1. Out of curiosity, is Ile402 closer than 25 Å to Thr180 by Cβ and of a type in the set (A, V, I, L, M, F, W, C)?
2. From Arg60, Arg105, Arg52, which residue is buried (at least 20 other Cβ atoms within 10 Å of the Cβ) and outside the structural domain of Trp179 (by TED's automatic domain parsing)?
3. Residue by residue through segment 329-374, note down the ones that are in contact with a helix residue (DSSP H, G or I) (Cβ under 8 Å, 6 or more places away or on another chain) and among the basic types (Lys, Arg).
4. Condition check: within 15 Å of Ala272 (Cα to Cα), modelled with pLDDT of 90 or more and either within 16 Å of the ligand (Cβ to nearest atom) or buried (at least 17 other Cβ atoms within 10 Å of the Cβ) (or both). Does Thr360 satisfy that?
5. Quick check, is Val406 out of contact with any Asp or Glu (no Cβ under 8 Å at 6 or more places or on another chain) and within 24 Å of Gly147 (Cα to Cα)?
6. Just checking, does segment 229-247 include any residue being over 29 Å from Ser139 (Cα atoms), within 28 Å of the chain's Cα centre (by Cα) and either within 15 Å of the ligand (Cβ to nearest atom) or assigned by TED's automatic domain parsing to the domain that holds Ser400 (or both)?
7. Would you check if there is a residue in segment 55-76 being of a type outside the set (Lys, Arg), touching a Phe, Trp or Tyr at 6+ places or on another chain (Cβ under 9 Å) and outside any helix (DSSP H, G or I)?
8. Would you tally the residues in segment 121-141 being at pLDDT below 95 and surrounded by 21 or more Cβ atoms within 10 Å (Cβ to Cβ)?
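The values are calculated or read from the model by the stated rules, or taken from the named source; none is laboratory data. Values in this document were obtained by computation on a predicted structure and should not be read as measured data. Positions of Cβ are generated from backbone atoms using ideal geometry, with glycine treated the same way; all protein chains shown enter the neighbour counts.
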Amino acid sequence: MDWADTPEQAAFREDVRTFIKERFPESYRPDLESEQSVEPEDIPGYNWPADRRSDDPERREAATEWAAALAERGWVAPHWPKQYGGAGLGVLEQFIFNEEMADARVPMVGGIGVSLVGPTLIAYGTEEQQQEHLPRILSGEIAWAQGFSEPAAGSDLAALQMRATREDDEYVLNGQKIWTSGAQHADWMCAIVRTNPDAETKHRGITFLVFDTDTKGISVRPIVDMTDQKPFNETFFEDVRVPVRQRVGDENRGWYVAMAMLDFERSGIGGAVGYRKALEDLIEYVRGHEASPSCQSGAVRTDWHAATRLEMADRYIETDILKNFALRTASIQARDEIPNYEASVNKLFGSEVHQALARTGTKTLGLYGGIWSRADAPMQAFFQRDYVGSAAHTIFSGSSEIQRNVIATRGLGLPRG
Ligand SMILES: Cc1cc2nc3c(=O)[nH]c(=O)nc-3n(C[C@H](O)[C@H](O)[C@H](O)COP(=O)(O)OP(=O)(O)OC[C@H]3O[C@@H](n4cnc5c(N)ncnc54)[C@H](O)[C@@H]3O)c2cc1C
C-alpha cells in the first residue's frame, strides 16, 4: 500500500502547515498544570474547553483567537458537512489535518461538542436542535460533557439505571452518572437514561437527552485522580426536568443514538504523532545528558545503558506501527466502510504504546524519574506524570479486555465466551 500523499494532499498539508505557522497565537502556550481532557490525541498542556474560560485573560483571549482563526476555514469542525459550518473534508484530508495539528503541537478546539455531539445532532437531531446547538458548538460558546457511565454501568453500559419518568411534555430525571469528563467546565450535557425499565431487552428502554448543566437539581462533584487533577466528576440528578423536545431520536431508542455517537470517535493519528514527538524529546534529552546513576552499570560509565537504547528502539518501531494502524482505519473509512475490529486494534495497541512509552521515559530518567515537581525534574516531569496519567488509557473508551473481546469475536471469528 502506498501511503504517500497525492499532489493534492501534499498541497493541502502545506496549506495547513502555513496556516498554523501564521495564525496560531504566540501567547497561547501550553499550561502544564491544566487539567487534561481524556482524549489521547489532545496535546499535553492544552485543555481548550477550560482555556476559553481561564482566569488568565491572555490565555482566555488566545484560546478564543485560535478558535476564531480555525472557524474562518471551517476547521473547528473539519469533518462536519459544509452546510452545518464544517469544512466537509474527506477522511484522508481529515487525517492529514489532525496529523499536522498534532505535529505542530497545537490544540484542536471544541472538545466533544465538535467531535461527538455535533455529528450526532447532524445525524439524529431535529432541525430545531441543530439550529440551537451547532452554531454555538462551532463558535466555542458552549462546551459539552458526556453522561453515559454509571457506578454499575461501564463496560456493560446498557445496564444503566438512571431513571427518566415522563410527565406531560417533560422528563423527570433521578439518579447518578460517574466519570463525566469535564462536566465542571461544561455548559451542556448529553446523557442516556432509562425510560422503560420493563422493556424486553435492556437496550430497548433507553432514551438520549441533551440539557443545560445549570438545570435545577443537577450537582457536579469533581473526582481527584492519581495525578492530583480533576478530569472527571460524579454527576447527581434530583428531580431534574428536561423538556421532551430535548430528546434526540425516539423515546426508548436512545441506545442506537449513543452507539452511533461512539462511532464518531477519531481515527487516533494524533496519539501516534504525539507519542513519537514525546519519544523524540526523550532521545534529544538523552543525547545531551549523561546517564543518571541508576542507569549506569558501573560508577565510571557515562554512556547510556544498552537496554535503554533497545527500549527506545522498540518504542520507535511501535509508534510507527501505530501510525500505520491509524492509516489503515482511515483508509477503510475513505472507502466508505465502517472500521470494526480494526478500531479496537488501534485503541488496544495505542493505549499499550502510550503506557510503555511513559514507562520507558520514566525509567530512562533513573532517579529523576521519581520527581513529580516540574521545576525540579528533567523535561518538566512529563514522563513521570504521563506514567501515572496513562493508566487510565486502558480503561476509557472501552477497556482493553473489551477491545480484546471484539478482536477475538469479530476479528478472529472465535466463539463468544
Ligand atoms: C479517564 C476516564 C474518563 C472517562 N470519561 C467518561 C465520560 O466522559 N463519560 C462517561 O460516560 N464515561 C467516562 N468514563 C468511563 C469509562 O467509559 C468506563 O470507565 C469504562 O467504560 C469501564 O467501565 P467501568 O469503569 O465501570 O469498569 P467495569 O466495566 O466495571 O470493568 C471492570 C473490569 O472488568 C473488565 N470487564 C468488564 N466486562 C468484561 C467482559 N465482558 N469481559 C472481560 N472483561 C470485562 C474490564 O475490562 C475492567 O478491567 C471515563 C473513564 C476514564 C478512566
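1. Details: closer than 25 Å to Thr180 by Cβ: yes; of a type in the set (A, V, I, L, M, F, W, C): yes.
Yes: the conditions hold for Ile402.
2. Values: Arg60 fails: buried (at least 20 other Cβ atoms within 10 Å of the Cβ); Arg105 fails: buried (at least 20 other Cβ atoms within 10 Å of the Cβ).
Just one listed residue meets the conditions, Arg52.
3. Selection gives Lys347, Arg359, Lys363, Arg374.
4. Numbers: within 15 Å of Ala272 (Cα to Cα): no; modelled with pLDDT of 90 or more: yes; either within 16 Å of the ligand (Cβ to nearest atom) or buried (at least 17 other Cβ atoms within 10 Å of the Cβ) (or both): yes.
No; evaluated as a whole, the condition is false for this residue.
5. Here the answer is yes, as Val406 does meet what is asked.
6. So in segment 229-247, the residues over 29 Å from Ser139 (Cα atoms) come out as 238-239.
Subsequent filtering for residues that are within 28 Å of the chain's Cα centre (by Cα) retains none.
No: zero hits.
7. Yes, segment 55-76 has at least one match.
8. Matching residues across segment 121-141 total 3.
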